[in-house]
Protein chains: 2
Amino acid sequence: MTERVGPIPDRGTGSGRPGRRPGPSQTREAVLAAARRLFAERGYEKTTIRAIGRAAGVDAALVHHFFGTKEQVFVAAMAFPFDPADLIRDVVSGPREGLAQRLVRFFLSVWRDPEARAPFFAILRSASTNEQAAAMLREFISSALLARVAGTLGLPRLRVEGAAAQLVGIALVRYVVGVEPLASAPEDEVVALVAPVIEYYLNG
Amino acid sequence: MTERVGPIPDRGTGSGRPGRRPGPSQTREAVLAAARRLFAERGYEKTTIRAIGRAAGVDAALVHHFFGTKEQVFVAAMAFPFDPADLIRDVVSGPREGLAQRLVRFFLSVWRDPEARAPFFAILRSASTNEQAAAMLREFISSALLARVAGTLGLPRLRVEGAAAQLVGIALVRYVVGVEPLASAPEDEVVALVAPVIEYYLNG
């Protein structure tokens, strides 16, 4: 991900306002830039909110205030297309009945939006050429996403990963390569096709 | 795919042998370079063996002699990891019993080899940033791969694409992102996990 790491703004000297204290949006950007750099250098797990604050020259409490949890800092810094906490709260924690359908619908709604899927495919591209980027993505997906889904549902990780592989494969075939008829099939038809597969993995 | 299109060797003047006729390996390379350029410019379907021969300055019969069918020229030019004709003959045309297991094993054997999967992920990366590359890959996958699998098995295309999405998703999670335990699971375990999904799509 090193190519997405922007410079940390020179606090207080930007925007032709020498001597002024940085505004909230400059500070926010400085925190995101520091986060991108640390996630790329140290990986997801070894990066702390405290270290991100220190690298951005702000208090850890301010990082919390701006973004919330470390997952949320990652989601904002990498433009990850959704917050895993939302997925858990809104989809996975709901009734078991209809869960497979809701999961497929949730991911179709995420990938449907080109502005949400583009950064995710950029992260995947980085991961396919750069082991550091792959490690960062792997750690984030493992601890923020898969472990929590598996824990909430009481499922073996391998089954959650089979389901994740099906969903990301659908995104690739439907949106990246754009193979017909899957590319243009109505969402209801895709849900009807794929939900039984997710059901199978969840009932393992 | 434009970044993978190499220059056509200057026939007869390379290798410090001015005036000599090009050897077979130079001609072979010239055909592959012409093929890469034409597939990228015109797409897979509109490119013909005849046009590839013309662009490389050789007879179409020589292109046939070197590579075989247009699919095989594409497989060689793009370093596509397997020949669709082999998949049809060795896997899809076999007995229906055990077909799902054979399909999963076939793809695991293809992706397992880093030298086979690297060019495929390079094509996928191109497709995710470049609409021309996406169109070329889409046409090849549609006509050389999915249409033939669907035809041989008498299945709707959408079901074949669901199965393809599952298989390519497994490759991404297992080999590109490398998420555990899927990344290190023995192949037999992956076959046991994924074959029921392929079975479901094939029994549509």
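The values are calculated or read from the model by the stated rules, or taken from the named source; none is laboratory data. Owing to the predicted nature of the structure, the values given are computational and were not obtained by experimental measurement. Because the Cβ atoms are built from the backbone with ideal geometry, glycine has one as well, and the counts that use them run over all protein chains shown.
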Enumeration of residues in region A:130-159 that are within 15 Å of A:Asp83 (Cα to Cα) and either in the same structural domain as A:Val73 (by TED's automatic domain parsing) or of a type in the set (Gly, Ala, Ser) (or both) = A:Ser142, A:Ser143, A:Ala144, A:Ala147
query = Can you tell me which residues in region A:176-200 are part of a helix (DSSP H, G or I) and within 9 Å of chain B (Cβ to nearest Cβ)?
reply = A:Val176, A:Val177, A:Glu189, A:Val190, A:Leu193, A:Val194, A:Pro196, A:Val197, A:Tyr200
task = Can you work out which of the residues in region A:34-43 that are within 18 Å of A:His64 (Cα to Cα) and either in contact (Cβ under 8 Å) with a residue 40 or more places away in the chain or touching an Asp or Glu at 6+ places or on another chain (Cβ under 6 Å) (or both) is surrounded by the fewest Cβ atoms within 10 Å (Cβ to Cβ)?
result = A:Arg36
Filter result for the condition that a residue is of a type outside the set (Phe, Trp, Tyr), at positive phi and in the same structural domain as A:Val168 (by TED's automatic domain parsing), over A:Gly98, A:Gly68 = A:Gly98
note = B:Ala116 passes all but one of the listed conditions (1) within 30 Å of A:Gln132 (Cβ to Cβ); (2) modelled with pLDDT of 90 or more; (3) of a type in the set (Gly, Ala, Ser); the exception is number (2)
inquiry  = Among the residues of region A:144-152, are any in contact (Cβ under 8 Å) with a residue 12 or more places away in the chain, in contact with a Gly (Cβ under 9 Å, 6 or more places away or on another chain) and facing chain B (nearest Cβ under 8 Å)?
reply    = no
remark   = When restricted to A:Ala133, A:Ala147, A:Ala116, the only residue assigned to a helix (DSSP H, G or I) and either within 28 Å of B:Glu161 (Cα to Cα) or of a type in the set (Asp, Glu) (or both) is A:Ala116
ask   = Can we say B:Leu158 is touching a Pro at 6+ places or on another chain (Cβ under 6 Å), surrounded by 15 or more Cβ atoms within 10 Å (Cβ to Cβ), aliphatic (A, V, I, L, M) and modelled with pLDDT of 95 or more?
value = yes
query = Residues in region A:5-18: is at least one within 20 Å of A:Ala133 (Cβ to Cβ) and at pLDDT 95 or above?
reply = no
inquiry  = So A:Ala127 ticks every box in (1) touching a residue at least 40 places away in the same chain (Cβ under 8 Å); (2) surrounded by 21 or more Cβ atoms within 10 Å (Cβ to Cβ) but one. Which box is left unticked?
reply    = (1)
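Residue-by-condition table, conditions (1) over 22 Å from A:Val190 (Cα atoms); (2) surrounded by fewer than 17 Cβ atoms within 10 Å (Cβ to Cβ); (3) of a type outside the set (Val, Ile, Thr):
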| residue | (1), (2), (3) |
| --- | --- |
| A:Ala77 | yes, no, yes |
| A:Asp83 | yes, no, yes |
| A:Arg89 | yes, yes, yes |
| A:Pro95 | no, yes, yes |
| A:Ala100 | no, no, yes |
| A:Ala118 | no, yes, yes |
| A:Phe121 | no, no, yes |
| A:Ala147 | yes, yes, yes |
| A:Ala165 | no, no, yes |
